[in-house]
Amino acid sequence: MRKIHDPAALRSLMSQHQLSGIFDEKTDEAMELFAFDKGELVCSVGDRMEHLFILIKGKIKIYKVLPNGKSILIRFYNSLSTIGDLEMLNDLTVQSTVEAVNDTLFIGIKEQALIDTAFDDPVFLRFIIKHLAHKLHTFSIASSVNLLYPVETRFASYLVSITVDENDQAEIEGIKTAKLTEIAEMLGTSYRHLNRVISKFAAAGLVQRSRGSLFVKDINQLKKLANGNLYS
């Protein structure tokens, strides 16, 4: 994590993402920019959140480590998603692990600044309620995908979620085959079963194996296969 002191860049980003006017002036003054590198953990289970984070660039992955040591994927977040709102409003420690999928940028607001000003501000509370409602809606979809859909649908949803950016544009990036065991675990299946699904997708021209990596070749067909049931 790197803290970036650049008030001009912060103001520009606030304006760009239409965040100006949502927060009290004192809250604005308490804002900071934070950068996380690809693969870096934003927070882990048991952490105490000191900032409310608003994602303004990049993508993050939310997953939970189960008591048996395995992980299960919850969802992906794109720009303007919030991290820490649930924990701060309910005085909870972090319940899931948050990891940067690529290089990310957040606006961070100190908890005390929110308590002093924003928690009684109707405009800010509407902003938070909107994001909490979106989380509840998408969490129900992700739960349905994990529990009710076959691995083909889950893997297609995973590929679309990591490949498509917040503007619904494809960002093709290879998945190292060494990570397939981890991906299989997160999708609630075995490496062998996932490998069979990948072979099936490759034969259909949806993905391609090359030099130890897996590449998306037909994002539109993967979207159809996911049938709107996405982890994002």
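Of note:
- Rg over Rh, two decimals, region 1-133 (C-alpha only, Kirkwood Rh): 0.96
- Here the scattering of region 115-156 is modelled by Debye summation over its C-alpha atoms, one equal scatterer each and no solvent; at q = 0.20, 0.21, 0.31 Å⁻¹ the log10 of I(q)/I(0) is -0.66, -0.68, -0.96.
- Applied to region 199-208, the Karplus parametrisation 6.51 cos²θ - 1.76 cosθ + 1.60 on θ = phi - 60° returns per-residue 3J(HN,Hα) values of 4, 5, 5, 5, 5, 8, x, 7, 9, 9 Hz, with x for Gly and Pro.
- Extension gain, L136 back to A204 (0.36 nm per residue minus Cα-Cα distance, nm): 21.0 nm
- Centre separation in Å (Cα based) which lies between region 66-87 and region 175-213: 22
- Positive contributions from Lys and Arg (+1) and negative ones from Asp and Glu (-1), summed over other residues with Cβ under 10 Å from the Cβ of I22, come out at -2.
- Pair N227, D121: separation of 7 Å Cα→Cβ label points (nm): 4.4
- Helical contribution to [θ] at 222 nm, DSSP H n ≥ 4, -39,500 (n - 2.57), averaged over the chain, rounded to 500: -12000 deg cm²/dmol
- A cut-off under 12 angstrom between Cβ atoms defines the neighbours of N229, and their net charge, with Lys, Arg +1 and Asp, Glu -1, is +3.
- Compactness check for region 92-169: Cα Rg over 2.2 N^0.38 Å is 1.43.
- As computed over region 1-78, the Cα convex hull volume per residue (Å³): 116
- In a fully extended conformation the segment linking D37 and N68 would gain 8.3 nm over its present Cα-Cα distance, using 0.36 nm per residue.
- Highest to lowest packing among 223-229, 7-13, 27-33, scored as the average C-beta count within 10 Å: 27-33, 223-229, 7-13
- Solvent exposure of region 76-232, expressed per residue, is 50 Å² of accessible area, with all protein chains present and a 1.4 angstrom probe.
- The tail of the calculated P(r) for the chain, taken as Cα-Cα distances beyond 24 Å, holds 47 percent of the pairs.
- Largest GNM mean-square fluctuation among N146, N220, N68, using the chain with Cα springs under 10 Å: N68.
- Carbon plus sulfur fraction of accessible area for the chain, probe 1.4 Å, in percent: 52
- Percentage relative contact order, region 53-140, counting C-alpha pairs under 8 Å, at least six apart: 35
- Within-12-Å neighbourhood charge of D37 [Cβ basis; K, R +1; D, E -1]: -1
The values are calculated or read from the model by the stated rules, or taken from the named source; none is laboratory data. Note that the structure is predicted; figures quoted are calculated from it, not measured. Heads up, the Cβs are rebuilt from the backbone with ideal geometry, glycines too, and the neighbour counts pull from every protein chain shown. Heavy atoms of the whole protein, side chains included, go into the accessibility calculation; ligands, DNA and RNA do not. Shrake-Rupley method; radii C 1.70, N 1.55, O 1.52, S 1.80 Å.
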